[in-house]
Amino acid sequence: MSTVQSAPAQQGLSLQAPFAPGAPYEIDAERAQKLLAIALRRGGDAADLFAEFVVGGSLVLEETIVKSASRGVSVGVGIRVRRGMAAGYAYTEDLAWESLVRCAETAAQIAEGQGREVGPVGLKTHPERYRVAAPSILASGHDKRELLLRADAAARAADARVQRVEASLAESYREILIATSEGVFVRDIQPMMRFGVRAIAESGGKRQSGSSGGGGRFGMEYFAQPQKDAESHAREAVRLALAMLDAREAPAGEMEVVLGPGDSGILLHEAVGHGLEADFNRKGVSNYSGRIGTPVASALCTVVDRADLDHNRGSINVDDEGNVGTSTTLIENGILRGYLHDNFSASHFKLDPTGNGRRESFRATPLPRMTNTLLLAGPHDHDEIIRSVKKGIYAQRFGGGQVDIASGDFVFSLSEAYLIEDGKLTAPVKDVNLIGNGPDALSKVTMLGNNLEVSDGIWTCGKDGQSVPVGVGCPTIKIASMTVGGTAVQKG
Amino acid sequence: MDSTKLLELCDDVLGRLMAGGASDAKVVARTGQDLSVRVRLGEVELVEEAGTQSIAIRCFKGKRVATASTNDLTAAGLRRAVGDALELCDLAQEDPFAGLPDPAALASAYPDMRLYDPACGSITAGEAVERARRCEKASLDFDPRITNSEGGSFGRTQGGFVMATSGGFRGGYNGSYASVSTSPVAADEGGKNRTSGYWSAKRFLHQLEAEDAVGREAARRTVALLGARKVPTQEAPVIFDPDAARSLLGAFAGCVTGDAIYRRSSFLLDRLGETVASELVTLIDDPLLADGPGSRPFDGDGLLTRKNVVVERGVLKTWLLDTYGARKLGMASTGSAASATGSGAGVSNFYLAPGGVSAEALLRDTRRGLYVTGMMGFGFNAVTGDFSRGAYGYWVEDGALAFPVSEVTISLNFKELFASIDGVADDLEFKSGVASPTFRVAKMTIAGS
C-alpha cells in the first residue's frame, strides 16, 4: 500500500487561501492599497484590511468507534476605518472585487470629511515561532483515527472501573493577511491542534469523569514528545477519574491555598491578565486603571505575557492588526509595569503596540488580548511549600475561570484538588471554586516555587463573545488566604 | 438570497452528494444580515455591518457519517465541501445507530411561528446609534455615582434558514432578533469599580424594552452593588433572580438530553420516573411558544416539534431526545434535535413554570439569606451534580435587602438543590431560550470570610 492510499481523507486537500498569491481572488499589495484608499475616501485616521482563511477539522471517538469526522472552511475579509476612538467595520464572505469595494465603502461611513491618500504597502517579514513540517490537517486521516483508537484502548486497559471513553482531535489551519494604511502588508500561517481524552469511571454507585489533553501550534510531531502520546493522555484521564471517585466534600471558607505548577496559571489569566488589557484601562473601568508604577502584587511576583514561546497555543508571530507579537512585562517584583495593547489603546496611551490585538475571526474587530501569560519562578521548593501548610487546599487541575473586570473579583474552578493536613496531601476533594480579588490575592502570595511549568495547550479565552487560544504557566504558588467554595462548613 | 434560492442551493448540493456515492444526506443553508453598534460616553465606538452565508452538510455512506461546512459558496467552494463530506465518510467508522429519521415521521407541514420581524432590518446604522446612545445616557443620568461606562450597544440580526434531506424533508424559516444593552460603571471604595449591565432582547422590535428603561435598570443595579462585601461562611437560604436562575436551569437542561444519558454523563441517569425536584418544580421545553427566542416549527431532524414537560411537580417525566439519542436509548424522539448538521438534543424555550407569588413576596418571606443577581465561573460537574460558583447580589435581613454582597461562592449538589426549592415566583420572562422566574433554595453553603 502506498502512502498516498493510506491517506484517502487528505487526497486533493488544498490549503491555498482564495486571497493567496496566484489564487482566484488574490489580494496583492496593489489591490490592498486600492481598498484602503476607498476606505479612507471620507477621511479617518487609519484603515486596515484583514483577510482570513481557516480550514478546521475534527475526529470524535466514543463507544470505541470514531463516530464522526468533520471539516469546515471559513473565509472572509474585514475592512476597518478608525477615526479617533471610533471604528467603522464591515466584512464580507464573498471575495469578488465588487463585494470588497462595497465592504470598504460601508466601513468608510464612520468618517465624514476629506479623503486622504494611502501610500504603498509593502510585504513585512516576521519571526517564525511555529513552523511545522506539515500542518496536522494534512496528515493521514487513518493515522489520526488510529490515535483515537489507541487512546480508547489504553484508557480501557488502565482500569476495569472505566466505563466510557471519549477522545477527540480538533485541528485548524489559519492563514491571515493584514494590510494597513500605515504601509504594513503581512501574512501569517497559524496551525493549531488539540487532542483530548475523557474517561468516566464507575464504582460502588459513584461515577466520576477525568480529562486530559494538550496540543498547540504543532503538527503530528506533538505526539512524539515525552508524555504527550495518546496513551499517556488516556492514562492521565483515567487516573483523574479514579482519584475523584473517592473525593469528599470540600471545605468552605477562607484558608491557605497552594496552586500546583502549570495549569494554575489560570489564576494569572483571571486575577491579573484581563485587568491589564489596555482597553479596560483606556476606559478607566479596570481596577488596575491608573496604577502603573505602584505595587499590585507581592514582591515575589513577576508576570509576563509572551507571544514568542515556540509552538505554544497562545503564541503568535503577528497579531491580527499586523504587529509582531512580543514579550511584555506586566508586573515586575510586584510593581505594575504595563498593559497589553492593540492599536487603539497604544495610540491613546501614545505607546508602541505590544502586538496583542487579536480577534476570533474576520467577523469581529480586534481587542487587546493575552497570548501566553506566565508567572515567573520564585525561590521556594515545591515540597517545602506543601510542608508549610497546616490546613488548606492543594489545587492541581482546573476547569476554567472568570473575572469581573470592574471589581477585580475572580473565580476559578478546580477539577483536581486535595486537602493539605499538617504539611501533607491527604484526601481528594470534590469540584470546588476558589474566589478572590486580583490585587488582594496576589498580595497574599507568600511562597513561590522554583518550578515554572507552562500548561499544555488546552485553554481558550473568551471576551466580548470572541474566543482566542491562549497559554498559561506558573510555578507552585502559595496564597496565604483565599475563599474556598466547598459545601462543608467548619463548625465551631 | 430568498428561501426559494436557498432551497435550490440545498437541492443542488444534495444531488451532488447522492451522485457522489452518499446513501443519504442532509444539507442546510443559512444567510444573515447583521448590524451592531456601540457607543461609549455618547461617542460612537463601533459600527459593524455584514452579510453572511453558509452551507452545512451531513452525509451518510451506509452507517458511516461525516459533516462538512463552508461559507465559500463559489462553485469551487461548494465542490470542495461536497468532496470533503464524501471523503470523510470513509474515515468514520460504522455506527449502527446512525441514519436519517424514518421518512414517515418527517414534518410535511408545519406552523408559521412568527419568528421574523421585517421591521428589524429597517433600522439604519444612524438609528441604531441613537438607540444605543439613549440607553447609555439614561444610565449615566440616573445617579451621580455613575461616573463611567463600558458602553451602550444596539444590535439587530435577521437570517434565513432552510434544510433539505434525501429522506424528503424540505423546510425553512426566517428569524430576526434585536437587542439593546448598557453597562454603566460606578467607583467604589478600595479602587474597585462596580458594574452591572442590563439588556433587553426580542424577536420583534416593538417588544424591546424602551432604551431609557434598560439604561435606568442597568444604573439601578450598578449603584446597588456599591459597598458590596463578603459575608461569613455559613448555610442559609438563597434566592436566585431570573438572570441568575436561568443559568442553573441551563446546567440542568444539559443533564436531561438523551446524549447526556447514553454517555452516562448526567447526575440524573437512571432517575426517569422518579422525584428529582421539589413539588414546586415543573420544567418545560416548549418550541411552539409564540415569539419565543428558541422557538422552532421543526427540529434539526425535520420532525415536528412539540411541548415537552420534562419535570412535572418534581417528577422526571422524559429526556429530551433527537432521533439518534432515541435510537440509542430505545425510545422515541421528542422532536428535540438541536442542530441540523451535528447530532444531539437541545432545549428550545426551556423554563421553570412560574409559581403563584411575586418575587417581592418571596423576599418578604425570607428572614435572612442571600439574594443572588449574578454568578461567575464554571463550577458544575454534570456527572456528579456537584455545583459551586462565585456569586454576588444582596444580603437579606428580615425580608428586605440589607446590603450588597460580593466575592462569595455558593455550593450544593444539584440533587439537593432542586429538591429543596421552596419558593417559585411569577416573574417569568423570555429574553433567551432558557428562562426562569425568581426562585428560592431552602439552604445552600455560602463560602465567604
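Quick note: the coordinates plus some simple rules give every number you see, no bench work behind them. Computed from a prediction, not measured in an experiment: that's the story for all the values here. All Cβ positions, glycine included, derive from the backbone under ideal geometry; neighbour counts span all protein chains shown.
What the Kirkwood sum gives for the protein assembly as shown is a hydrodynamic radius of 28.8 Å, with every pair of different alpha carbons counted.
Distance from the alpha carbon centroid of region A:170-239 to that of region A:459-492 works out to 21 angstrom. Ordering A:I316, A:Y418, A:F349 by the projection of their Cα atoms onto the charge dipole of region A:301-430, which places +1 on the Cβ of Lys and Arg and -1 on the Cβ of Asp and Glu, puts A:Y418 at the extreme positive end.
Binning the alpha carbon pair distances of region B:315-407 at 10 angstrom intervals from zero yields the distribution 13, 24, 30, 19, 12, 1, expressed in whole percent.
Bridge orientation summary for chain B: considering DSSP beta bridges with both residues in this region, about 95 percent are antiparallel.
For chain B, what is the charge dipole size about the Cα centre, in debye to the nearest 20, if Lys and Arg each add +1 at the Cβ and Asp and Glu each add -1 at the Cβ?
Rounded to the nearest 20 debye, it is 540 debye.
Per-residue Cβ neighbour counts within 10 Å put B:S295, A:S413 in the sequence B:S295, A:S413, beginning with the fewest.
Here region A:412-431 and region B:134-207 have alpha carbon centers that stand 40 Å from each other.
Roughly what % of Cα-Cα distances in region B:121-260 sit above 23 Å, to the whole percent? Across region B:121-260, Cα pairs with separations above 23 Å total 55 percent. A crude spin-label estimate for the pair A:E30 and A:E146, with each label 7 Å from Cα along the Cβ direction, gives 4.9 nm. Going 7 Å from the Cα of A:Q227 toward and past its Cβ, which residues in region A:435-470 have a backbone nitrogen under 18 Å from where you end up? So the set is A:449-459. Evaluated with a Cβ-only charge set (Lys, Arg +1; Asp, Glu -1), chain A carries a dipole of roughly 440 debye about its Cα centre, given to the nearest 20. Summing Cβ point charges (Lys, Arg +1; Asp, Glu -1) relative to the Cα centre of the protein assembly as shown gives a dipole of roughly 640 debye.
Across the alpha-carbon atoms of chain A, the computed radius of gyration and Dmax are 24.2, 76 angstrom. Between the listed residues B:G62, B:P111, B:F142, the Cα displaced farthest toward the positive end of the dipole of the protein assembly as shown, a dipole computed from Cβ unit charges relative to the Cα centre, is found at B:G62.
Separation of the alpha carbons by more than 22 angstrom is noted, of A:K463/B:K443; A:K391/B:K415; A:K283/A:K350; A:K390/A:K444, for A:K463/B:K443; A:K391/B:K415. Taking a straight line from the alpha carbon of A:K67, these lysines sit under 20 Å away, with near neighbours fewer than eight places off in the same chain left out: A:K144, B:K26, B:K61, B:K63, B:K328.
Values of log10 I(q)/I(0) for region A:251-489 across q = 0.09, 0.12, 0.13, 0.16 Å⁻¹ run -0.35, -0.62, -0.72, -1.07, by the Debye formula with one identical scatterer at each alpha carbon and no solvent. Rg and Dmax of region B:3-224, both derived from C-alpha coordinates alone, stand at 23.4, 69 Å.
The simple spin-label model puts a point 7 Å past each Cα toward its Cβ; for B:D2 and B:M331 those points are separated by 4.2 nm. Put the Cα centre of region A:77-113 next to the Cα centre of region A:304-369 and the gap is 24 Å.
What are the trypsin sites (Lys or Arg not before Pro) within region B:318-405 that DSSP puts in a loop, where the Cβ has at most 15 other Cβ atoms within 10 Å?
Filter output for region B:318-405: B:R367.
Where only DSSP H runs of four or more residues are counted, chain A gives -5000 deg cm²/dmol as its mean residue ellipticity at 222 nm, each run worth -39500 (n - 2.57).
In the elastic network of chain B, a GNM with C-alpha springs shorter than 10 Å, the most mobile of B:D72, B:D24, B:D285 is B:D72.
How much length is gained on full extension from B:R367 to B:R220, taking 0.36 nm per residue of separation minus their Cα-Cα distance? Walk me through the numbers before you get to the answer.
Details: separation 147, 0.36 × 147 = 52.92 nm, distance 2.39 nm.
Working it through step by step, the gained length comes to 50.5 nm.
Remark on chain B: ratio of C-alpha radius of gyration to 2.2 N^0.38 Å is 1.07. Seen from a random direction on average, the alpha-carbon convex hull of region B:271-368 projects onto 8.0 square nanometres.
Considering only A:A271, A:N281, A:P295, the residue lying farthest towards the positive end of the dipole of region A:191-313 is A:N281, judged by Cα position with unit charges set on Cβ.
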